[in-house]
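For reference, the structure is listed below as structure tokens.
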Amino acid sequence: QVQIVQSGGGLVQPGGSLRLSCVVSGSHFGFETMNWYRQGPGKEREWVGRISVDDSLVYADSVKGRFAITRDSSKRTVYLQMNNLKPEDTAIYYCNHLATGTWGQGTQVTVSS
């Protein structure tokens, strides 16, 4: 059974940076495509970006050029590096293992001065 544990997040001022981590365990399918989503206050869950099994990357227009997804396969960890953060990036961020549909527990990111 796949399990995902997230870490990182917190409070940051506009223009600041944060890095979120997502550790995947128990996968029988290998370290495959991982998505990042977010849900802002009063908003629908929004797709943020994806790293595929071939390490190709795709991002939502709202974060393109500011956010970067990477992974360390030896640590079974996917990262979401968030730079130049804006108040509208405030949300709970989730990672998702595409093959099994498993979600992380979510981590709060608040961008405020």
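Near Val2: Cβ cut-off under 12 Å, other residues only, Lys/Arg at +1 and Asp/Glu at -1. The net charge is 0.
Modelled spin labels at Gln1 and Gln108, positioned 7 Å past Cα toward Cβ, are 2.7 nm from each other.
When the expected Rg is taken as 2.2 N^0.38 Å, what fraction or multiple of it is the alpha-carbon Rg of segment 38-97? Working shown, then result.
Numbers: Rg = 12.0 Å, N = 60, 2.2 N^0.38 = 10.4 Å.
Against the compact-globule rule of thumb, the ratio is 1.15.
For the pair Ser25 and Asp55 in one chain, pulling the backbone fully straight at 0.36 nm per residue adds 8.9 nm over the alpha carbon distance. Convex hull of alpha carbon positions in segment 67-111: directionally averaged projected area 3.7 nm².
Diagonalising the gyration tensor over the Cα atoms of segment 6-113 and scaling each eigenvalue by 5 before taking the square root yields semi-axes of 23, 13, 13 Å, largest first.
The alpha carbon centroids of segment 66-96 and segment 1-64 are separated by 5 Å. Packing-based ranking of 2-15, 86-99 yields 86-99, 2-15, ordered from highest to lowest mean Cβ neighbour count within 10 Å. In the chain, what percent of the accessible surface is made up of carbon and sulfur (1.4 Å probe, ligands and nucleic acids excluded)? About 49 percent, which is the carbon plus sulfur part of the accessible surface.
Cys22 sits among other residues whose Cβ lies under 10 Å from its own Cβ, and their net charge, with Lys and Arg +1 and Asp and Glu -1, is +2. Rounded to the nearest 0.05, what FRET efficiency is calculated for Arg45 and Ser74 with R0 set to 25 Å and r the Cβ-Cβ distance? That pair, Arg45 with Ser74, gives E of 0.25.
Given their separation in residues at 0.36 nm each and the Cα-Cα distance between them, Lys64 and Thr33 gain 9.3 nm when the chain is fully extended. For the chain, the per residue solvent-accessible surface stands at 51 Å², with DNA, RNA and ligands left out and a 1.4 Å probe.
The values are calculated or read from the model by the stated rules, or taken from the named source; none is laboratory data. Every value quoted in this text rests on a predicted model; they were computed, and no experiment measured them. Heads up, the Cβs are rebuilt from the backbone with ideal geometry, glycines too, and the neighbour counts pull from every protein chain shown. Just so you know, the surface numbers come from the protein's heavy atoms only, side chains and all, with ligands and any DNA or RNA stripped out. Shrake-Rupley method; radii C 1.70, N 1.55, O 1.52, S 1.80 Å.
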